[in-house]
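The values are calculated or read from the model by the stated rules, or taken from the named source; none is laboratory data. Nothing here was measured: the structure is a model prediction, and the numbers come from that model. So basically every Cβ, Gly included, is an ideal-geometry build from the backbone, and we count neighbours across all protein chains shown. To get the accessible areas, we keep the full protein, side chains included, count just its heavy atoms, and leave off ligands, DNA and RNA. Shrake-Rupley method; radii C 1.70, N 1.55, O 1.52, S 1.80 Å.
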Amino acid sequence: MTSHAALEAHPYLRAATAGIRHHTRSLSTEDRPVDRVHLDVLHAHLTGLHQLLDQLAEATRPPHPAAGRHLAAAHTRLWQTTTEIHAAFHLLPTASTSSTECRPEQLPEGPPVLTICQRHLAAGHIVRRKTTPTDLKSPPHITACVR
């Protein structure tokens, strides 16, 4: 792949990365507390990334088993991150009530099509079909530079 082709490859991933970088820079210049809407959007991003990583691991595993194992370990760790974001969401105060209980039938602040709890439950169902409870608690340590 030429350097020009590499720069133009995967434009939507590049745009998402640029958006996150921009958001990170803007947060560092502002003095805004993190709110539930912020974590909901971050959770949606991580869930989408989790699905992409799952597909990459599945496609990589047959021809390159070692690389597939690395991607599968990253997939598990990303799920653990997504779970912690979901938990943090429920620990932040709501605009209307003091309850932090997970209620998938209720919308968080605003009218998203799929709430954080519904999204998390749907993603968790897929994760549990492909991952053992032991893997979810502590994925295997894999060294990064194996040649």
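Note on Val41: accessible area approximately 90 square angstrom, rounded to 10, probe 1.4 Å, nucleic acids and ligands left out. By a 1.4 Å probe calculation restricted to protein chains, Ile20 has an accessible surface near 80 Å², given to the nearest 10. Across the range 64-70, coupling constants 3J(HN,Hα) worked out from phi with the 6.51/-1.76/1.60 Karplus curve, θ = phi - 60°, read 9, x, 5, 5, x, 5, 4 Hz, and Gly and Pro carry x. For the range 47-58, 3J(HN,Hα) computed residue by residue from phi via the Karplus equation (6.51, -1.76, 1.60; θ = phi - 60°) reads 5, x, 5, 4, 5, 4, 5, 4, 5, 5, 5, 5 Hz, glycine and proline entered as x. For the range 118-128, backbone phi angles converted through the Karplus equation (6.51, -1.76, 1.60; θ = phi - 60°) give residue-by-residue couplings of 4, 4, 5, 5, 5, 5, x, 4, 5, 4, 5 Hz, Gly and Pro being listed as x.
Extending 7 Å from Cα along the Cβ direction at Ala122 and again at Asp35 yields two label points whose distance is 2.5 nm.
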